[in-house]
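What follows draws every value from the coordinates through simple rules; no lab data is involved. Just so it is clear, the model here is predicted, and its values are computed rather than measured. Here the Cβ positions follow ideal geometry from the backbone for every residue, glycine too, while neighbour counts run over all protein chains shown.
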Amino acid sequence: MDNLSQNALRRARRTAGITQEKAAEMSGYSVDAIQAWEAGTRRCAVEALDTLAVCYDAPWLAGMYLRELSRGSVQASMPEFEPGKPLPQAVLNLLDKVTAFGRSHADQRLVSLAADGRIDVNERQEYDAIMEDLQDICRAAMELKFCKSEDDEQC
């Protein structure tokens, strides 16, 4: 298991200001399990991820852990994002990305490229660039979904 997957678990716990011992007490899992999951020597089950997400007030934890644990197309399908951005920053970032996408007429180009039901070799580069822009929009949307408001609460 690579070190990225341990980072989501450790980051969530530390952001919550919780020790491994307190995490074990709150979650009902052993300290050894918490340590092993964070060290990457054992994989954390989805049910445990859900429990830890509640304990740490980190609703993004399961998705980020699974993304970091994955490879290839699974990893590519979930945008990497930064949870806990301030609400105004997250809103402005998303609106900026959506506005830029519209101004570039990428939406209209995408319709033109896909109208025949396929993306040919001559269209691939433009299509991939549009997909990257859409991935940026998805990333910004996830950051808005998991932002922090002024009262330091999850959005």
task = Return the calculated 222 nm mean residue ellipticity for the chain, to the nearest 500 deg cm²/dmol, obtained by summing -39500 (n - 2.57) across DSSP H runs with n ≥ 4 and dividing by the residue count.
result = -20500 deg cm²/dmol
task = Putting +1 on Lys and Arg Cβ atoms and -1 on Asp and Glu Cβ atoms, find which of 69, 56, 46 reaches farthest to the positive end of the dipole of the range 1-78.
result = 69
ask   = Between 101, 87, 130, whose Cα lies farthest towards the positive end of the dipole of the range 87-145 when Lys and Arg beta carbons carry +1 and Asp and Glu beta carbons carry -1, centred on the Cα centre?
value = 87
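Would the range 1-86 count as rounded, prolate or oblate if I go by the C-alpha gyration tensor, calling it rounded below 1.5 in a/c and otherwise prolate when a/b exceeds b/c, oblate otherwise? All intermediate terms of the calculation are to be shown ahead of the outcome.
On the way: a/c = 1.98, a/b = 1.37, b/c = 1.45.
Oblate shape, in that a/c is at least 1.5 and b/c is the bigger or equal ratio.
Rounded to the nearest 20 debye, what is the charge dipole size of the range 3-77 about its Cα centre when +1 sits on each Lys and Arg Cβ and -1 on each Asp and Glu Cβ?
On the way: 9 positive and 8 negative charges, 63 e Å.
I would put it at about 300 debye.
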task = Can you tell me the dipole magnitude for the chain around its Cα centre, using point charges on the Cβ only (Lys, Arg +1; Asp, Glu -1), in Debye to the nearest 20?
result = 260
Estimated FRET transfer efficiency when R0 is 41 angstrom, pair residue 21-residue 80 (beta carbons, to 0.05) = 0.85
request  = Could you tell me whether the chain comes out rounded, prolate or oblate from its Cα gyration tensor? Rule is a ≥ b ≥ c as square roots of the eigenvalues, rounded for a/c under 1.5, then prolate if a/b exceeds b/c, otherwise oblate.
outcome  = oblate
Listed peptides 94-100, 7-13 by packing density, highest first (mean Cβ within 10 Å) = 7-13, 94-100
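For the range 71-140, just say rounded, prolate or oblate: build the C-alpha gyration tensor, square-root its eigenvalues into a ≥ b ≥ c, call rounded for a/c under 1.5, and beyond that prolate if a/b exceeds b/c, oblate if not. Present the calculation step by step, with values, prior to reporting the outcome.
Values: a/c = 3.69, a/b = 1.52, b/c = 2.42.
Oblate, since a/c reaches 1.5 and b/c is not below a/b.
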